[in-house]
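Colleague: Dropping a structure here in structure tokens format, bear with me for questions.
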Amino acid sequence: MKFMFGKRWLSIFAILLLTLSNCSPTIGYALENMSESTSSSVISSAEETVSKSETTTEMSQSSEEIVEMKQAEENTETNRSDAPSSSQDLADNSAESVQKILHYEDEYVTADLNAYFGNGVENFSVTLPRMKNSGKWDAEREYVNQLSQYLVNQNLQPADVQQIEISDSQIVKEGYKPRLTVNFKTSLGLRGGLVTKENLRLVSTNTDGSLVFHDAEFHFDTTGTLIGLTYEGILGKDIHVVMVKPLAEKTTVTLGQYVQMQLDGYVLEEEEGQTASKVPLNARLKVKIFRSDASGIFTILSPIDSFREEKTFDVLSTWKPSFNLLGIESEKFDIVKMNYRQAHQSKTDSLMYFNGEFPVASFHQESGEEESNVLEIYLQNRMLEGTGMILGLRTRMLGYRSSSGFRSVTNATVSNSSVDQAPITQSKRIDYLGDGGNNPDTSVDDRIGTDTHELYRMYLDMTGTKEPFDTLIVVDRSTSMTDPMNSVDTQARYLAVYEALNGTAGRQGLLSKLVGFHPENQVAIVGFQGYPGYPSGDQDSTVIANWGRSTSVALSNIQPPYNNGTNYTAGLRTAGVVLDQNQSSRKKVMIFISDGVPTFAFVNGVRYGNGTISGNNPYYTRDWTLNYFNSWIGKYPKLPIYTLGISSEFGNSDNLSANPYVLNHMSSQTGGFYSHVADSQALERTLQKIVDDTKLSLVSINDQLSQYVSYYAEQPDVKVVQTNRQTGQVTTLYQNGAVTSQGVGILQSVTHTAVNASDSTGKVDLNFVDNFKIDDTYTYTISYNVKVTDRAYEEKKTSGYNAHGDSGTDYTGNSTSSGQAGFRSNKVASLTYIRNEQPYEKEYDHPVVQVDTRQFTLQKSDSKETNLLLENVCFELRLSDKKTVFASGETDSRGNITFTDLRRAKTYYLYETKAKDGYTLPENPWTVDVAVDGTITIRDQLGYTVSKSGEQYRIVNHKLYQLPSTGGYGPAVYILLGVMVITLASYLFYEKRKQIA
């Protein structure tokens with residue numbers, strides 16, 4: 001009997017049919033009923049056929065790969081021809097330009113430039129410039145300033161900048177990025193710290209003047225020294241290698257055993273012995289220490305030849321046109337005097353105050369001269385208190401804001417709210433925008449269909465309070481107070497003080513302002529002078545008005561007696577008595593008014609001095625007064641003293657009788673301030689400033705977001721409002737990314753800065769104008785939108801929430817934060833401010849956010865016996881890539897398995913990875929769709945929706961031998977055909993053997 005095909009092809013056909021059935025356990029079950037010899041011969045034949053088939057397939061694949069490789073090579077050649085620019089560009093430029101690698105070398109660098117050049121151009125050079133003309137120098141300074149401002153927005157600043165000049169090479173190939181490699185023969189000198197890849201930037205300038213930061217490759221040798229760089233990009237006339245460092249609020253510098261200085265954060269400290277930059281573009285600050293071991297009286301007026309130069313520190317620099325000296329102190333020495341000389345200037349200034357802002361000049365000048373700015377500090381060995389007349393000066397570290405606008409609070413220890421006698425009211429609240437409500441301050445939740453389930457709105461507010469305080473006014477009654485204020489304002493000085501205290505028609509006096517500021521405030525007044533006829537000094541001071549709420553004082557009590565000198569120490573002694581009589585817990589403030597230097601002083605209870613400014617008397621009385629004050633103030637460590645110099649000549653350091661050094665010292669040691677008052681109007685303004693100082697200034701709200709939320713940049717809707725506490729009227733100060741007309745003069749800036757850190761995503765800062773004063777009249781609120789991060793979802797899934805919201809952190813109508821579990825929205829949020837020249841910082845409470853997730857439960861049962869629930873069936877829920885496992889588990893005794901923490905607007909895939917014994921294992925997954933509104937839809941392998949029974953989605957499974965009774969035939973047809981073909985093959989084999997036999 002002849003057949004058109006052999007048994008081998010029948011065997012292959014059978015195997016293919018069985019493979020199509022996609023049910024290997026079922027095949028095994030069917031084959032169990034066949035004779036072992038027949039099936040094994042058929043399978044053996046099939047394996048041989050499959051082996052040959054695989055070989056043929058491999059050959060076919062190899063042929064396809066060869067074709068693909070050839071096509072790829074053709075494509076590559078096409079791409080290569082177009083790599084520099086378009087094919088049209090190549091046609092246009094082929095006759096006019098040529099690709100070259102130009103080489104340059106001098107004593108400092110070697111360089112290679114790969115680019116398209118005009119024919120014949122060979123003038124490529126790379127140099128490290130040492131000299132500049134005036135125009136180039138000014139341009140370079142402006143460039144560095146622009147660079148600094150750019151880096152400030154990233155909380156960075158330049159530590160050093162090295163310019164590299166590039167010749168005009170006339171590169172003509174548009175669209176092609178030249179490749180430049182520069183190698184430094186002797187390391188590129190960069191100061192300011194350790195040079196690493198992370199703190200280096202390569203910057204050039206566009207034709208429009210904007211900065212371009214290049215993705216450069218920096219080369220280091222085995223010792224970590226920078227020896228070269230490579231980058232691709234459009235070449236300008238120069239590039240800059242910039243070493244950056246984090247922007248600091250202040251720089252604290254310890255100079256050996258001598259002094260510790262606090263300077264603004266733009267001053268950079270370098271390591272001693274560090275290699276200097278070849279072209280120092282910044283300003284150097286050199287500190288010279290002078291010492292004297294001699295004993296005796298040393299003051300600011302002592303000659304410098306009394307001191308020897310002991311050590312020089314050359315480790316400071318800045319990129320700014322000036323630096324701020326915030327304070328200086330020494331644990332071992334007395335600071336006698338300080339001098340300052342700006343670089344390239346011949347004049348040396350003797351400093352009246354040991355803090356302030358000082359101009360600097362750049363180290364390098366166009367003339368080729370190189371010189372540092374120099375700060376000279378004169379020290380003397382410290383002596384025990386009271387054993388000598390030593391000027392032991394320690395300046396206090398005060399809060400400041402630098403000229404650049406960078407805000408800082410740089411006192412030695414920032415006070416907290418427990419120190420401030422009148423802590424302000426502040427709160428941080430949160431509103432969930434996905435609850436269907438309508439928040440009045442953002443439109444992000446106004447549009448129908450907008451997904452807001454991950455959005456929250458933050459609110460941070462603050463309200464100033466009026467601090468009750470008692471004021472002691474100490475007034476000079478020396479004869480010189482009868483002199484006129486100045487040549488134009490001829491009013492007597494004591495009359496100006498009298499009118500300032502009492503007020504005039506239509507003008508409120510200081511006494512009225514002080515007691516009217518707060519209902520608990522009280523005022524006292526002390527007068528002082530120096531009677532030559534009473535050597536004991538018991539007539540040198542008097543109590544003009546004891547503690548009370550009087551709004552006026554008699555003129556006769558202010559008017560000076562005839563022929564009197566000035567005894568500061570007498571005024572201080574009586575002031576101490578009056579202060580001791582006031583036992584209230586209210587804060588105390590002292591205002592000290594004088595028109596001249598002391599001419600008398602108490603030393604160990606005995607009055608010294610002759611009441612004049614002749615000879616050495618002013619030197620001695622000054623130091624005696626300083627020693628007395630330094631001892632006296634120790635009893636009143638929290639007493640701020642405001643000193644006023646009432647004279648047009650006061651402040652002239654060349655006039656010994658008008659040197660305000662003692663007044664400045666009294667205020668600088670106590671957190672007050674000294675003011676030179678030259679006329680009546682200045683006196684009024686200064687006294688008003690003292691009242692205003694009890695209000696808040698230099699106010700900032702800083703919110704550093706946690707890793708669980710991020711600033712919603714898509715629509716932040718940042719808004720700042722001012723609310724009148726009495727009328728409820730709301731005024732918008734900031735909206736739509738800008739300060740409103742009502743906010744001008746109140747707000748300085750509102751900024752967001754992204755941060756890439758493990759515990760924070762960024763920060764939001766609100767800064768009020770420096771001199772804007774805040775009391776309890778208004779509440780100020782900043783609000784903006786945030787979005788929960790992937791980190792929040794991940795931690796919620798793995799470990800759950802880790803915090804509870806602080807009390808009172810819910811916005812009106814919200815209930816997701818106070819006492820609720822969640823993640824903190826901020827790493828830290830704080831309010832910083834100045835009151836009475838004292839910086840304070842107070843932290844806000846912590847709201848929390850939650851992630852809005854979904855869950856579903858599956859129940860696995862037998863396809864026929866639905867009450868037969870299948871346990872120990874394993875599943876994996878995978879992400880959209882179908883590889884990453886989101887969650888896994890197995891069914892329990894009731895056939896249930898639950899998956900939690902599913903995110904909205906996401907698609908997952910459910911794979912069955914292990915079937916119950918005796919049941920089939922599906923190859924393809926179920927699809928789990930979570931809609932934006934949180935609705936879950938599960939579809940099977942054929943796209944049909946899985947039905948839900950109660951809270952469970954029911955899916956069934958088939959036994960291995962069980963054919964489905966409903967729906968399609970499934971693999972049954974293939975199984976039957978396979979069995980028929982195997983039977984036919986067995987019959988043919990039998991017939992063949994019989995013929996042979």
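Colleague: Scan around T643 for amide H atoms under 5 Å from its own, H built in the peptide plane at 1.01 Å from N, and keep only partners 5 or more places away or cross-chain.
Modeller: F592, F673, Y674, S675
Colleague: Sequence-distant or interchain residues sharing an amide H contact under 5 Å with N826, placed H: which?
Modeller: S706
Colleague: A further question follows. For the pairs K428/K796; K250/K288; K347/K635, note any where the Cα-Cα span goes beyond 32 Å. Could you put the intermediate results ahead of the total?
Modeller: Numbers: K428/K796 23 Å; K250/K288 21 Å; K347/K635 41 Å.
As for pairs spanning more than 32 Å Cα to Cα, those are K347/K635.
Colleague: Select from segment 555-646 those chymotrypsin sites (Phe, Trp or Tyr not before Pro) which occupy a DSSP coil region and have at most 16 other Cβ atoms within 10 Å, ordered by residue number.
Modeller: Y562
Colleague: Also, I was wondering about something else. If you take the Cα atoms of segment 673-830, find Rg, then find the Kirkwood Rh from the mean of 1/r over all pairs, what is Rg/Rh?
Modeller: In segment 673-830, Rg relative to Rh is 1.09.
Colleague: How large is the convex hull of the Cα atoms of segment 469-692 per residue, expressed in Å³ as a whole number? Intermediate results must be reported in sequence, preceding the final value.
Modeller: On the way: hull volume 25.2 nm³, N = 224.
Dividing the Cα hull volume of segment 469-692 by its residues yields 113 Å³.
Colleague: Considering the options Y908, L858, A931, tell which one lies farthest towards the positive end of the dipole of segment 853-957, charges being +1 on Lys and Arg and -1 on Asp and Glu at the Cβ, about the Cα centre.
Modeller: A931
Colleague: Computed from the mean reciprocal separation of all distinct C-alpha pairs, what Kirkwood hydrodynamic radius does segment 853-957 have, in Å?
Modeller: 13.8
Colleague: Label S799 and N924 with points 7 Å out from Cα along Cα→Cβ: what is the distance between them in nm?
Modeller: About 4.1 nm, to one decimal.
Colleague: Mind giving me the FRET efficiency for N724 and L988? R0 is 60 Å, r the Cβ-Cβ distance, nearest 0.05 is fine.
Modeller: According to the calculation, E is roughly 0.05.
Colleague: Starting from the Cα-Cα distance between E310 and V543, subtract it from 0.36 nm times their residue separation and give me the gain in nm to one decimal. Show your work: numbers first, answer last.
Modeller: On the way: separation 233, 0.36 × 233 = 83.88 nm, distance 4.96 nm.
Working it through step by step, the gained length comes to 78.9 nm.
Colleague: List, in order, the whole-Hz ³J(HN,Hα) value for each residue of segment 859-870 obtained from phi through the Karplus relation with A = 6.51, B = -1.76, C = 1.60 and θ = phi - 60°; use x for Gly and Pro.
Modeller: Per residue, the Karplus-derived 3J(HN,Hα) values read 10, 9, 9, 5, 5, 9, 8, 5, 7, 8, 8, 9 Hz.
Colleague: Pull out a ≥ b ≥ c, the square roots of the eigenvalues of the alpha-carbon gyration tensor of segment 539-610, then state rounded if a/c is under 1.5, prolate if not and a/b is larger than b/c, and oblate in the remaining case. Can you show the working numbers first?
Modeller: Numbers: a/c = 2.32, a/b = 1.37, b/c = 1.70.
Because a/c hits 1.5 or more and a/b fails to exceed b/c, segment 539-610 counts as oblate.
Colleague: For S536 and S187, calculate 0.36 nm times their separation in residues minus their Cα-Cα distance, and state this gained length in nm to one decimal.
Modeller: Values: separation 349, 0.36 × 349 = 125.64 nm, distance 7.29 nm.
Additional length available on full extension: 118.3 nm.
Colleague: Taking H placed 1.01 Å from N in the peptide plane, check which residues at least 5 places from I473 or on another chain put their amide H under 5 Å from its amide H.
Modeller: A524, I525, V526, I591
Colleague: Okay, moving on. Give a quick list of trypsin sites (Lys or Arg not before Pro) in segment 428-489 that DSSP marks as loop, anything other than H, G, I, E or B, with at most 12 other Cβ atoms within 10 Å.
Modeller: Within segment 428-489, the qualifying trypsin sites (Lys or Arg not before Pro) (loop, at most 12 other Cβ atoms within 10 Å) are R447.
Values in this text are rule-based calculations from the coordinates and carry no lab data. Note that the coordinates shown come from a computational prediction; the quantities given were computed from them, not determined experimentally. Quick reminder, even Gly has a Cβ in these numbers, built from the backbone with ideal geometry, and neighbours come from all protein chains shown.
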